[in-house]
Structure formats: structure tokens, C-alpha cells
Amino acid sequence: MFLIVLSLALGLVVGLIVWLFTNLLTGLIVWLVTAVVLFVSLLALGIYFSMAPTPENAVIEFTNWLESPFEYGEKPDSCEVVFHEKLPWPMSGAEKDVFLCRYEYEGDGEDADDEIDGGIGLAWPTCWTLIGLDQGFTFDEMVSCYRGWYVLASKQKAGWSPDELTRDDWAPIAAHLQKQGFEVTGDEYSSSQIMKTPEGAILFAVQVVKDGKPTVVVGDSTDFSTIETRDIEKFGVPVAHYHWLDSWWLNSIGLRNGG
């Protein structure tokens, strides 16, 4: 309503000026045309700023998402931005503003088990609750893991398969890991996080043993220099895969995640 009144008022001013120098009919036409143009312009401008990547809009977007019936079904009692950085974003070919929010739902006190619930979530450029990543992970690691998952999901849609690996595919990787001092059985391919590209490259994250200690080893079968380890107690195999895929993706576009 405010935009309509403002547009009519500004249009009236322009129409009156035109009327003074021409006639009433021309003034009325100019008034209406000006009002319509101003209304459309102001509306578009409002939509633009409402979609701008600002902390305020990130909080609004995220709380609305949490309120959806597929998430918590209600807005959180508190929500604030805890991380904001402009970062490369998978499949977009550009950098985007990335926001993380900390959210909290307070119990009503009527139930002894009614505890405070909440965590950290990705609020921009998309929304996602980072359950399992809000304890012991830095904000950079949280973003890295999500981007790696996003890369995995996007590549699988494009035909990259996690299901077509054979013992023969895995054998040269297992042999290399053994040379590096890792204890492997040769069967890791059947129960690990592994993705095979259309070109035959194998991107893997497997649980092995090194110096008597369980660990996660990640890498690319086409370049064994990419092999790295992750703390199994912190990451676990799936999350280590996402974290490493982010590094692999950044390297593929000429950047490099710190790992």
C-alpha cells in the first residue's frame, strides 16, 4: 500500500507540472503513466534489496526455512550470523556470500527432558542445518564439508557413479597405500566413500590403520600425491570424504583449500 501511495503522490507532482505547461488531459495521462512506472521500479528495487546477501536477509531466510514443516516447524527463539565470507561456490562459476547462523530453540520448562535445541546452519546461498558438524569443527570446515557434499551430489547427478567399483579398480590404490605404511585388506572399496569419474579416476575416503591407529585416508587414484589423512574421531569416513572433495574441487578450478 505504501508503494502505491508513494507512486501516486510522486506521479501527481509530475502530472501537475506537465498540466501547468500543457493541458489537464495530458497532465492526467502523465500522472498515471509516471505512477505506474514508479510503482514497478520501486517494487523491483524492494525485491532486489530483499534478496541481497546481507546478514539481516540471511537470518530471515534461515529462520523461514527452519519454520518449514520439513525442518523444525517453527521459528527459533534466537538466530544470529556467526560467519560471513565471500567464497567460490560449486557449479556456479562464481564467488558467493556464504553465511552461517547459530540458532536456538528454548525448552518451555514443562518437561524434564525439554532441553535447549539448536546448532549451526548454512543460511546463504542456500539453507541447511549442519547437524553433526557443530561440535569440534571450525566454521571454515563446516562450509568445506557442505561444499564437498554439494560437489558429490552434483557430480552424481551428472553420471559419476559410487557403485561401479571393483576389486581390480581398488587393487593399485591398496598397493600404494601399503607402500605408504597403511594397513589395508583390499576390501575397503566395498564399504567406503568412493566415487568413480567417467574418465576412470577414483576419488576415495577409506578407513585404514597407520601405526596401530585407525585413520581415514583420502585421495585421487590418478595422482597419489593428493593422498592425505583425516582424524577419524573428528571426521569419520563420510565427512572426511566431503571435506576432501571440497579440496579436490578447489584444486580443479585453480584454487586450493587449506585441507
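One table, with the values for the structure above:
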quantity: Segment 194-224 - residue that is modelled with pLDDT under 85 and among the small types (G, A, S) and, of those, surrounded by the most Cβ atoms within 10 Å (Cβ to Cβ); calculated: A201
quantity: Counted residues, segment 69-84 - those being closer than 24 Å to F139 by Cβ and small (G, A, S); calculated: 1
quantity: Positions within segment 182-204 being of a type outside the set (D, E) and in a loop (DSSP other than H, G, I, E, B), in sequence order; calculated: V184, T185, G186, S191, S192, T197, P198, G200, A201
quantity: Boolean, L165 is out of contact with any Asp or Glu (no Cβ under 8 Å at 6 or more places or on another chain) and modelled with pLDDT under 90; calculated: yes
quantity: Unmet requirement for H84, which otherwise passes all of (1) more than 22 Å from G148 (Cβ to Cβ); (2) crowded, with 16+ Cβ neighbours inside 10 Å; (3) out of contact with any Ser or Thr (no Cβ under 8 Å at 6 or more places or on another chain); calculated: (1)
quantity: Single unsatisfied condition, P69 versus (1) in a helix (DSSP H, G or I); (2) modelled with pLDDT under 90; calculated: (1)
quantity: Residues located in segment 179-225, provided they are of a type in the set (K, R) and within 23 Å of K155 (Cα to Cα); calculated: K196
quantity: First in segment 123-148 and part of a strand (DSSP E or B), second anywhere and at pLDDT below 90 and not aliphatic (A, V, I, L, M), Cβ under 6 Å, 6 or more apart; calculated: W124/P53
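Residues are listed down the side, and each one gets a yes or a no for (1) under 28 Å from the mean Cα position of the chain (by Cα); (2) farther than 29 Å from D134 by Cα; (3) in contact (Cβ under 8 Å) with a residue 40 or more places away in the chain; (4) not assigned by TED's automatic domain parsing to the domain that holds Y242:
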{"residue": "A158", "(1), (2), (3), (4)": "yes, yes, no, yes"}
{"residue": "G181", "(1), (2), (3), (4)": "no, yes, no, no"}
{"residue": "P198", "(1), (2), (3), (4)": "yes, yes, no, no"}
{"residue": "K213", "(1), (2), (3), (4)": "no, no, no, no"}
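Yes/no per residue for (1) in contact with a Ser or Thr (Cβ under 9 Å, 6 or more places away or on another chain); (2) in a strand (DSSP E or B); (3) without any contact (Cβ under 8 Å) to a residue 12 or more places away in the chain:
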site: V206; (1), (2), (3): yes, yes, no
site: F224; (1), (2), (3): no, yes, no
site: K234; (1), (2), (3): no, no, no
site: H241; (1), (2), (3): yes, no, no
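Residue-wise test of (1) within 16 Å of G148 (Cα to Cα); (2) modelled with pLDDT of 90 or more; (3) of a type in the set (D, E); (4) within 28 Å of the chain's Cα centre (by Cα).
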| site | (1), (2), (3), (4) |
| --- | --- |
| S190 | no, no, no, no |
| T226 | yes, no, no, yes |
| I232 | no, no, no, yes |
| L250 | yes, no, no, yes |
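The values are calculated or read from the model by the stated rules, or taken from the named source; none is laboratory data. Keep in mind that this is a model prediction, so the values were computed, not measured. Every residue, glycine among them, receives a Cβ derived from its backbone with ideal geometry; neighbour counts consider all protein chains shown.
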